[in-house]
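All of the numbers you see were taken from the coordinates with simple rules; none came from a lab. Note that the coordinates shown come from a computational prediction; the quantities given were computed from them, not determined experimentally. Neighbour counts are summed over all protein chains in view; Cβ atoms, including those assigned to glycine, are modelled from backbone coordinates with ideal geometry.
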2 protein chains.
Amino acid sequence: MITENTKARLLDGAVVAARIKQEVQDEIARMVETSGYRPCLAAVRVGDDPASAVYVRNKIKASEEVGIRSEHHALPESTSTAEMLALINDLNQRDDVDGILTQLPLPRAIDETTIIEAIDPAKDVDGFHPMNVGRLAMGDPAALVPCTPLGCERLLLESGIETTGAHVVIIGRSMLVGKPLALLLMRKGKGADATVTVAHSRSRNLAEISRTADILVAAIGQPEFVRSEFVREGVVVLDVGINRVGEQASEKGYRIAGDVAFEEIASKTRAITPVPGGVGPMTVAMLMVNTVTACENQTELAA
Amino acid sequence: MITENTKARLLDGAVVAARIKQEVQDEIARMVETSGYRPCLAAVRVGDDPASAVYVRNKIKASEEVGIRSEHHALPESTSTAEMLALINDLNQRDDVDGILTQLPLPRAIDETTIIEAIDPAKDVDGFHPMNVGRLAMGDPAALVPCTPLGCERLLLESGIETTGAHVVIIGRSMLVGKPLALLLMRKGKGADATVTVAHSRSRNLAEISRTADILVAAIGQPEFVRSEFVREGVVVLDVGINRVGEQASEKGYRIAGDVAFEEIASKTRAITPVPGGVGPMTVAMLMVNTVTACENQTELAA
């Protein structure tokens, strides 16, 4: 993966994620021992998209590995918004469900905003509910934060990469990554306090702006978009992209590429995440963390 | 105010605000004519802070000028959180109140977050409720947006200053200005689509980062903080600061200074707001706009 002449340090998300999952597993074991209660994650998936099915399966597998109970609600493609709402309301009401995740995208016939706003913010382990986004912006520690940006922040923290006063340039302004990551990193305190720039497809001088970064985050969803002219010597690079690129030679007919041209830029960087094995595993680990946080917050509320 | 050798254009917020207030007045006259209903703003103020009293008085005066009904609830310094909550709940319930503003800061004994989260998001004309902040981040047009950032965006738009692809550097990361303005300007669409950097007191190389701006917004709350080394030739500057600076020679014993050293930098800028008369009047005009928006949204919900 890494070329021989590189001086870059590989930010191994898989190793950090494994450590975090071990911590979550220990925490859950303590919860079960003291209270007899084991947190539960309910995953809701609609339709037949094979990628969504794989994602949900991986999340459930990871949950079970750390000792989280899980439920998998797979609804048919024909499900209406009202039918999905009924399920969400049921899961909101149930005391034995701590976290609810809805695998996006939903089929077109279902109104995504209605569904996201219907989930109890206290069970919203995806962190997509406007109450959680607003609380994140306000620096409220009660916010449940979307898993990918939370994973990016944690990976920097666990890797000893200082964010205080540093200039982070994020390419991409989505609600899944760019905006919440910006809000996270501009907060006050450890692992934050950064100067944050959000750039995107409409940005003028995108390469020039990217070159001013101490930490560059690529979250634009275009394979190998970030090339040599985007990075200056000594930058730290987080690659959030997971893109399928057609490749006849490979068995599956495609390969997975990040948003960064890894081979081209790695040697200029101080540290860089690989794809796969960088931000991806951190995202799944943060779902485990959010499920435990949601469980603890609800227990506190009930106490 | 402006030195003779300057080539800068003055962004006259007072003139733009007067035009917007006239539009609001016409809109309200139409509403009254067609429905017989006149929007109502309830202002809540606690304690004896003289600056707060002046702000609320000005907001009520402006409301009445455009034809908004108003109520001024002035509570004593000794008010408890529970007592203030009772008033907020009453205003939430009343069909004849469309907008609720609470003048900040509140006395220390009152929990500000509890009060802000108690206001019905549909009546939250300050735009401080996490639901509104979250919806702003999500680009939801139903969001009520805080008045000062909304005023900044509108002043740029009305002045014909293009934001698409431009680099906006905001100095200051408060929930009143910096963060919501960043979220506004990074949205998709007209008057937005900007590359946005949020810098602050912890930022390294603050002057250098500021010099990369096409549009520089000073919202740091320190008098004349932005000096010559912060601006490059041809930048547009918005000065959000309203600071009292002691001045024995003046009758009041102080003068009002912005966050920008106006005399020092004006000649380098393409356009700049004065203080007073720049962003300030826009903030009040946006409160009028938000009150009408809140009234219209609630009428739609009720219909």
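P(r) of chain A in 20 Å steps, Cα pairs, percent per bin?
Reading the bins upward from 0: 32, 58, 10.
Kindly flag which residue pairs out of A:Lys59/A:Lys252; A:Lys179/A:Lys252; A:Lys123/A:Lys179; A:Lys21/A:Lys252 have an alpha-carbon separation exceeding 24 Å in this structure.
Working: A:Lys59/A:Lys252 22 Å; A:Lys179/A:Lys252 33 Å; A:Lys123/A:Lys179 21 Å; A:Lys21/A:Lys252 30 Å.
Too far apart for the 24 Å limit: A:Lys179/A:Lys252; A:Lys21/A:Lys252.
When each copy gets a label point 7 Å from Cα toward the beta-carbon at A:Ala86, what are the spacings between them in nm, shortest first?
Once sorted, the set of distances for A:Ala86 reads 4.4 nm.
What would the Debye equation give as log₁₀ I(q)/I(0) for segment B:146-280 at q = 0.17 Å⁻¹, counting only Cα atoms as equal point scatterers?
At q = 0.17 Å⁻¹ the computed log10 ratios are -0.84.
Over the protein assembly as shown, consider all pairs of different Cα atoms and compute the Kirkwood hydrodynamic radius from their mean reciprocal separation; express it in Å, one decimal.
25.9 Å
Could you state the angle between the C-alpha long axis of helix A:13-35 and the longest principal axis of the C-alpha atoms of chain A, as a value from 0 to 90 degrees rounded to the nearest 10?
That works out to roughly 20 degrees.
What fraction, in whole percent, of alpha-carbon pairs in segment B:36-120 exceed 18 Å separation?
Details: 1464 of 3570 pairs.
Of all Cα-Cα pairs in segment B:36-120, 41 percent lie more than 18 Å apart.
Of B:Ile28, B:His129, A:Asn243, which is farthest towards the positive pole of the protein assembly as shown's charge dipole, taken about the Cα centre with +1 and -1 on the beta-carbons of Lys, Arg and Asp, Glu respectively?
A:Asn243
With unit charges on the beta carbons (Lys and Arg positive, Asp and Glu negative) and the dipole taken about the Cα centre of the protein assembly as shown, which residue among B:Ala109, B:Ser228, A:Asn297 sits farthest to the positive side?
Ranked along the dipole, the leading option is B:Ser228.
To the nearest 20 debye, what charge dipole does segment B:146-280 have about its Cα centre, counting +1 at the Cβ of each Lys and Arg and -1 at the Cβ of each Asp and Glu? Kindly include the intermediate steps, with their values, before the conclusion.
Details: 16 positive and 15 negative charges, 94 e Å.
With only Lys, Arg, Asp and Glu charged at Cβ, the dipole is about 440 debye.
Are there GluC sites (Glu not before Pro) in segment B:17-79 that DSSP marks as loop and that have at most 15 other Cβ atoms within 10 Å, and which are they?
Qualifying residues, ordered by number: B:Glu77.
Using only helices, what value at 222 nm comes out for the protein assembly as shown when you add -39,500 (n - 2.57) per DSSP H run of length 4 or more and divide by the total residues, to the nearest 500 deg cm²/dmol? Can you show the working numbers first?
Values: 20 runs with 242 residues, N = 606.
It lands at -12500 deg cm²/dmol.
Note down the magnitude of the dipole of segment B:1-99 about its Cα centre, charges +1 on Lys and Arg C-beta and -1 on Asp and Glu C-beta and zero elsewhere, to the nearest 20 debye.
Numbers: 12 positive and 17 negative charges, 83 e Å.
Charge dipole of segment B:1-99: 400 debye, to the nearest 20.
Taking the Cα centre of chain B as origin and charging only Cβ (+1 Lys, Arg; -1 Asp, Glu), how large is the dipole, in debye to the nearest 20? Walk me through the intermediate numbers first.
On the way: 31 positive and 41 negative charges, 169 e Å.
It comes to approximately 820 debye.
Relative to the first principal axis of the alpha-carbon coordinates of chain A, what is the inclination of helix A:50-66, with its axis defined by its Cα atoms, in degrees from 0 to 90 and to the nearest 10?
Between the helix axis and the principal axis of chain A, the angle is about 70 degrees.
Using modelled amide H (1.01 Å from N, peptide plane; none on Pro or chain starts), what sits under 5 Å from the amide H of B:Ala42, excluding residues fewer than 5 places away?
For B:Ala42, the qualifying residues are B:Glu71, B:Asp98, B:Gly99, B:Ile100, B:Leu101.
In whole Hz and in residue order, list the ³J(HN,Hα) couplings for segment B:197-205 that follow from phi through the Karplus curve 6.51 cos²θ - 1.76 cosθ + 1.60, θ = phi - 60°; x for Gly and Pro.
Values, residue by residue: 10, 10, 10, 6, 4, 8, 5, 6, 6 Hz.
If amide H atoms are built 1.01 Å from N in the plane of the peptide, which residues on other chains or at least 5 residues away come under 5 Å of the amide H of A:Gly47?
A:Leu75, A:Glu77
In segment A:153-230, which trypsin sites (Lys or Arg not before Pro) are in a loop and have at most 13 other Cβ atoms within 10 Å, using DSSP for the loop call? Could you put the intermediate results ahead of the total?
Values: sites: A:Arg154, A:Arg173, A:Arg187, A:Lys188, A:Lys190, A:Arg202, A:Arg204, A:Arg211, A:Arg227; in loops: A:Arg173, A:Arg187, A:Lys188, A:Lys190, A:Arg202, A:Arg204, A:Arg211, A:Arg227.
Hits after loop and neighbour filter: A:Lys188, A:Lys190, A:Arg227.
Using a cut-off of 14 Å between beta-carbons, work out the net charge of the residues near B:Leu156 (Lys and Arg +1, Asp and Glu -1, B:Leu156 not included). Walk me through the numbers on the way to the answer.
Details: positive: B:Arg9, B:Arg154, B:Arg187, B:Lys190, B:Arg270; negative: B:Asp12, B:Glu153, B:Glu158, B:Glu162, B:Asp193, B:Asp214, B:Asp239.
It works out to a net charge of -2.
Distances from A:Glu112 to the same position in the other copies: list them in nm, one decimal, shortest first, using label points 7 Å from Cα along Cα→Cβ.
So the distances to the same position in the other copies read 3.4 nm.
What trypsin sites (Lys or Arg not before Pro) does segment A:37-108 have in DSSP loop regions with at most 15 other beta carbons within 10 Å? The partial results should precede the final answer.
On the way: sites: A:Arg45, A:Arg57, A:Lys59, A:Lys61, A:Arg69, A:Arg94, A:Arg108; in loops: A:Arg94, A:Arg108.
For trypsin sites (Lys or Arg not before Pro) across segment A:37-108 that sit outside H, G, I, E and B with at most 15 neighbouring Cβ atoms in 10 Å, the list reads A:Arg94, A:Arg108.
Please give the helix B:147-158 orientation as an angle from the longest Cα principal axis of chain B, in degrees from 0 to 90, rounded to the nearest 10.
Approximately 60 degrees, to the nearest ten.
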